[in-house]
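Chemist: Sharing a structure below in structure tokens format, with a few things to ask.
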Number of protein chains: 2
Amino acid sequence: MIKVAIMGYGTIGSGVCEVLESNREVLARAAGQELDIKYVLDLRDFPGSPVEKKIVHDFDVICRDPEVKIVVETMGGLEPAYSFVKACLEAGKHIATSNKALVAAHGTELLAIARKKQVNFLFEASVGGGIPIIRPLYRCLMGEKIKEITGILNGTTNYILTKMDKEGTSFDRALKEAQALGYAERNPEADVEGYDTCRKIAILTAMVTGKEVNYEEIPTEGITKITDVDFKYADAMGTSIKLVGSARMDGGKVHAWVAPLMIGKDHPLYAVSDVYNAILVKGNMVGTTMYYGSGAGKLPTASAVAADMVEAARHIDSNISIGWSSEKQAIAPADQAVYRFFVRVSGTYEDRRDMVEAAFGKCKVVELEGLDEFAFLTGPMKRSGFMENLEILKVELTAEYQKVLQVIRAE
Amino acid sequence: MIKVAIMGYGTIGSGVCEVLESNREVLARAAGQELDIKYVLDLRDFPGSPVEKKIVHDFDVICRDPEVKIVVETMGGLEPAYSFVKACLEAGKHIATSNKALVAAHGTELLAIARKKQVNFLFEASVGGGIPIIRPLYRCLMGEKIKEITGILNGTTNYILTKMDKEGTSFDRALKEAQALGYAERNPEADVEGYDTCRKIAILTAMVTGKEVNYEEIPTEGITKITDVDFKYADAMGTSIKLVGSARMDGGKVHAWVAPLMIGKDHPLYAVSDVYNAILVKGNMVGTTMYYGSGAGKLPTASAVAADMVEAARHIDSNISIGWSSEKQAIAPADQAVYRFFVRVSGTYEDRRDMVEAAFGKCKVVELEGLDEFAFLTGPMKRSGFMENLEILKVELTAEYQKVLQVIRAE
């Protein structure tokens, strides 16, 4: 029997307790022995709860108990999670965490300590909730050179965009509905501005390159500027708009970014709706693979934590070579990446055809009835070239009292 | 450096050589040492090929060479693959195979020998080509009680059905096109009759239950009776028809079958087109997850074999607990599984409304212009109950010189 401790009895932490209880036998079989909760660390007491007698308020009780071999961190945020996790690893305890902020900010150091102490720092639950993605990267696609990893990594924004797409809802209304359903927080900034996705794609990029990725270097754009009109065009073009985090590995260069992306019906991410997440991974031999499931939620995320506990139990005396080194991975300037671009312009196309064609050549053009504007979709081009030509177009349009209304990257 | 041998230099075997060459460094890093091909077993010589000097015709050369630690089996078929693999395991060599027929027929015995000899019998490539699915089942979803596993497991039939769906092609024409493109064999029986899918769902079911599954007990229906008219109805109903292998675990009972399934736009398998495969896995905690990618093809399948070689290299002195025991898993009678049923009947609905409603209650009814027939979709019901009522309906219809034209399971 392995004694474990859980730090943080919130949604995920209590979910972990539930998974350990409901699937006790399956987990014991997989781990080779039973996983037994000895302590639950929380500021609060939980009288009447199943863990009532296991609650402790003092972290040192866990850290100093040599019987505790695996510690789950489901507190969230950087402090005190970081200090506690670091102390546990230093004390020779394995860690399973769902905390993406922690992994993105301090993963490099914590992985290094785990290696030194011959324990494991595991974080399957930090990206994609219940979707196995960290483990497939280090245990399944291990013979691949990964060329691209692109994911719908945030359930809240995917719910909002799905609402806007399927029901023609405005962003504000879709956000309010998401908040009412508990999918979005009262302060939704981390989700809708793409910060959450940014940390997750940083973690995935570090896994793929084997090097440290500074998430602050990844250009990040959220979905607050996406409107119901954009979705009218998307619909007319047989596409949808998704918030994705993406990294493309090109030789030693890595292009990484977070932004709304217009994708067609044939793209595997097109059908990923509501709070579901999916991660597309392209390898040089295997081609395109995709991993789909619940990207958040109590039990799916807790299930990923439990799987990490089993992984730790199976390697209780050794460090699995996962994660990344302290070598830094440079993020290539975003303007070198090649995409198509969807652009909306006020006025009628007929009047501005020459300007648009001069700037971008022959483009796919869409005009919707009842709107005093038009949209065009460029061919694939470097963002730098696109931005230059867009500036020229903007100047010319201004002279005609017209303007660019929207720009969205397209696949 | 680990010496390996490859048995069978056909499509997959030569693909494995290509992956080992192209991704030499990545694989070496993952495996902890280089994987070096010492022998390639084939009946033919391959003058001028990169493996020319490694070709051997005598299996004993491989089996008797203690330096060879990992043997890849990409010969296909049962013999001599079975005898060779068994001898290699007995000789203490690890096996990585892409041979689903071998795994479905002899997996139980070969897994047992591997356990006894403390080596590994690995078969990631036998199901879903390049899609990681075997490893996710034993290394990712290990804390889950799996409730259902349903997959599009055969690229050939998915290509044919996609053609029929998107272009209104007949089955015969779509098959011919698939043959012309090399997606279907000249004798397509194993694919179109569902036999290939049957072996694969048997392997997945055995992985999930931990018990031996006799693939011959799994009711298997192919796609030869699916017509372009069925797809007209499917289109009108916003659905598609896919050949799936499915197993539902319900307590100790397992309902498994292979058949065409009508699925709606919201089903994660709906968008899986052409030669792509995908496997949906439902767990009691994680909910629905899905794994998508190239289900066949030289390099994707070879990539899965290479990943197994890395897995073997990492566990060169120990047996990983995977697979199933020799205990037999009973397959519950197919007629107890609950589904909806899509039924086409000759004549007009108006004349037969009473009969249909008497047999199946209120159903969703579809009538297409220009066809002297109609279709209805039942509510969810046990197949046994459906079949009974269908018999009654058939008798009544015969009296009116009408008949049931088609029955397809629906989700």
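Chemist: Among the residues of segment A:261-280, which ones are in contact with a strand residue (DSSP E or B) (Cβ under 6 Å, 6 or more places away or on another chain) and facing another protein chain (nearest Cβ under 9 Å)?
Modeler: Selection gives A:PRO268, A:TYR270, A:VAL272, A:ALA278, A:LEU280.
Chemist: Filter segment A:343-380 down to residues that are over 19 Å from A:THR227 (Cβ atoms) and aromatic (Phe, Trp, Tyr), then give me how many there are.
Modeler: Matching residues across segment A:343-380 total 2.
Chemist: Would segment B:269-285 turn up any residue that is among the small types (Gly, Ala, Ser), assigned to a strand (DSSP E or B) and farther than 30 Å from B:LEU368 by Cβ? Reasoning before the result, please.
Modeler: Quick first cut of segment B:269-285, residues among the small types (Gly, Ala, Ser) only: B:271, B:273, B:278, B:283.
Okay, now just the ones that are also assigned to a strand (DSSP E or B), so B:278, B:283.
Filter again for farther than 30 Å from B:LEU368 by Cβ, leaving B:283.
Yes, segment B:269-285 contains a residue that is among the small types (Gly, Ala, Ser), assigned to a strand (DSSP E or B) and farther than 30 Å from B:LEU368 by Cβ.
Chemist: Also: Go through segment B:326-357 and give me each residue that's in contact (Cβ under 8 Å) with a residue 24 or more places away in the chain, farther than 16 Å from B:PRO380 by Cα and more than 22 Å from the chain's Cα centre (by Cα).
Modeler: Passing the criteria: B:GLU327, B:ARG344, B:VAL345, B:SER346, B:GLY347, B:THR348, B:TYR349, B:ASP351, B:ARG352, B:MET355.
Chemist: Every residue in segment B:231-276 that is aromatic (Phe, Trp, Tyr) and either more than 14 Å from the chain's Cα centre (by Cα) or closer than 16 Å to A:ALA271 by Cα (or both), please. If you could, list the steps in order and put the result at the bottom.
Modeler: First, pick out the residues of segment B:231-276 that are aromatic (Phe, Trp, Tyr): B:231, B:233, B:257, B:270, B:276.
The answer is B:PHE231, B:TYR233, B:TYR270, B:TYR276.
Chemist: Let me ask another. Considering each residue of segment A:76-99, count those that are farther than 26 Å from B:MET285 by Cα and within 14 Å of chain B (Cβ to nearest Cβ), and give that number.
Modeler: Total satisfying the criteria: 0.
Chemist: Right, something else. Give the number of residues within segment A:12-23 that are within 10 Å of another protein chain (Cβ to nearest Cβ) and either charged (D, E, K, R) or at positive phi (or both).
Modeler: Total meeting the criteria: 1.
Chemist: Provide a single number: the residues in segment A:386-404 that are assigned to a helix (DSSP H, G or I) and in contact with an Asp or Glu (Cβ under 9 Å, 6 or more places away or on another chain).
Modeler: Start the filter on segment A:386-404 by keeping residues that are assigned to a helix (DSSP H, G or I), which leaves A:386-399.
So of that shortlist, the ones also in contact with an Asp or Glu (Cβ under 9 Å, 6 or more places away or on another chain) come out as A:386-387.
Qualifying residue count, segment A:386-404: 2.
Chemist: Out of (1) acidic (Asp, Glu); (2) more than 24 Å from A:SER294 (Cβ to Cβ); (3) surrounded by fewer than 23 Cβ atoms within 10 Å (Cβ to Cβ), what's the single condition that is false for B:ASP196?
Modeler: Condition not satisfied by B:ASP196: (3).
Chemist: Anything in segment B:213-262 that is within 17 Å of B:LYS364 (Cβ to Cβ), part of a strand (DSSP E or B) and either of a type in the set (Ser, Thr, Tyr) or not assigned by TED's automatic domain parsing to the domain that holds B:ASP196 (or both)? List them, or say none.
Modeler: The answer is B:THR239, B:SER240.
Chemist: Determine whether segment A:277-289 contains at least one residue that is crowded, with 20+ Cβ neighbours inside 10 Å, more than 30 Å from A:VAL127 (Cα to Cα) and over 23 Å from the mean Cα position of the chain (by Cα).
Modeler: no
Here's the yes/no breakdown for (1) more than 22 Å from A:LEU261 (Cα to Cα); (2) assigned to a loop (DSSP other than H, G, I, E, B):
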site: A:GLU148; (1), (2): no, no
site: A:TYR159; (1), (2): no, no
site: A:LYS166; (1), (2): no, no
site: A:GLN179; (1), (2): yes, no
site: A:ALA184; (1), (2): no, yes
site: A:ASN187; (1), (2): yes, yes
site: A:LEU204; (1), (2): no, no
site: A:MET207; (1), (2): yes, no
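Chemist: For segment A:300-335, name all the residues that are away from chain B (no Cβ under 13 Å) and touching a Ser or Thr at 6+ places or on another chain (Cβ under 7 Å).
Modeler: Across segment A:300-335, the qualifying residues are A:SER326, A:GLN329, A:ASP335.
Chemist: A further question follows. Picking from A:GLN402, A:GLN406, which residue would you name as being more than 23 Å from A:ILE223 (Cβ to Cβ) and among the polar types (S, T, N, Q)?
Modeler: A:GLN402
Chemist: Would you check which residues across segment B:260-274 are more than 15 Å from B:GLU148 (Cβ to Cβ) and surrounded by 21 or more Cβ atoms within 10 Å (Cβ to Cβ) and list them?
Modeler: Passing the criteria: B:PRO260, B:MET262, B:VAL272.
Chemist: Additional query: Of everything in segment A:258-285, what is hydroxyl-bearing (Ser, Thr, Tyr) and within 13 Å of A:GLY155 (Cα to Cα)? Give them in sequence order.
Modeler: Of segment A:258-285, the ones hydroxyl-bearing (Ser, Thr, Tyr) are A:270, A:273, A:276.
Selection gives A:SER273, A:TYR276.
Chemist: Count, please, the residues in segment A:100-148 that happen to be away from chain B (no Cβ under 14 Å) and closer than 21 Å to B:GLY287 by Cα. Let's see the steps before the verdict.
Modeler: Pass one, segment A:100-148, residues away from chain B (no Cβ under 14 Å): A:100-119, A:121, A:126.
Okay, now just the ones that are also closer than 21 Å to B:GLY287 by Cα, so A:126.
The qualifying residues number 1.
Chemist: Take segment B:285-299 and flag every residue that is in contact (Cβ under 8 Å) with a residue 40 or more places away in the chain, within 30 Å of A:ALA296 (Cβ to Cβ) and within 7 Å of chain A (Cβ to nearest Cβ).
Modeler: Answer for segment B:285-299, where residues must be in contact (Cβ under 8 Å) with a residue 40 or more places away in the chain, within 30 Å of A:ALA296 (Cβ to Cβ) and within 7 Å of chain A (Cβ to nearest Cβ): B:MET285, B:VAL286, B:THR289, B:TYR291, B:TYR292, B:GLY293, B:SER294.
Chemist: Let me ask you something else. How do the pairs read when you match residues in segment B:264-284 that are in contact (Cβ under 8 Å) with a residue 40 or more places away in the chain with residues anywhere that are of a type in the set (Ser, Thr, Tyr) and assigned to a loop (DSSP other than H, G, I, E, B), using Cβ under 7 Å and keeping only pairs 6 or more apart or on different chains?
Modeler: From residues that are in contact (Cβ under 8 Å) with a residue 40 or more places away in the chain, the pairs are B:GLY264/B:TYR270; B:VAL275/B:TYR183.
Chemist: What tally of residues in segment A:338-377 results from selecting those that are in contact with a Pro (Cβ under 8 Å, 6 or more places away or on another chain) and among the aromatic types (Phe, Trp, Tyr)? Steps first, answer last, please.
Modeler: Initial filter on segment A:338-377 (in contact with a Pro (Cβ under 8 Å, 6 or more places away or on another chain)): A:338-340.
Now drop any that are not among the aromatic types (Phe, Trp, Tyr), which leaves A:339.
Residues that pass the stated criteria total 1.
Chemist: Across segment A:353-372, what is the number of residues that are buried (at least 20 other Cβ atoms within 10 Å of the Cβ) and farther than 19 Å from A:GLY264 by Cα?
Modeler: 3
The values are calculated or read from the model by the stated rules, or taken from the named source; none is laboratory data. Everything quoted here is computed from the prediction, not taken from an experiment. Reconstructed Cβ throughout: ideal geometry from the backbone, glycine too, with neighbour counts over all protein chains shown.
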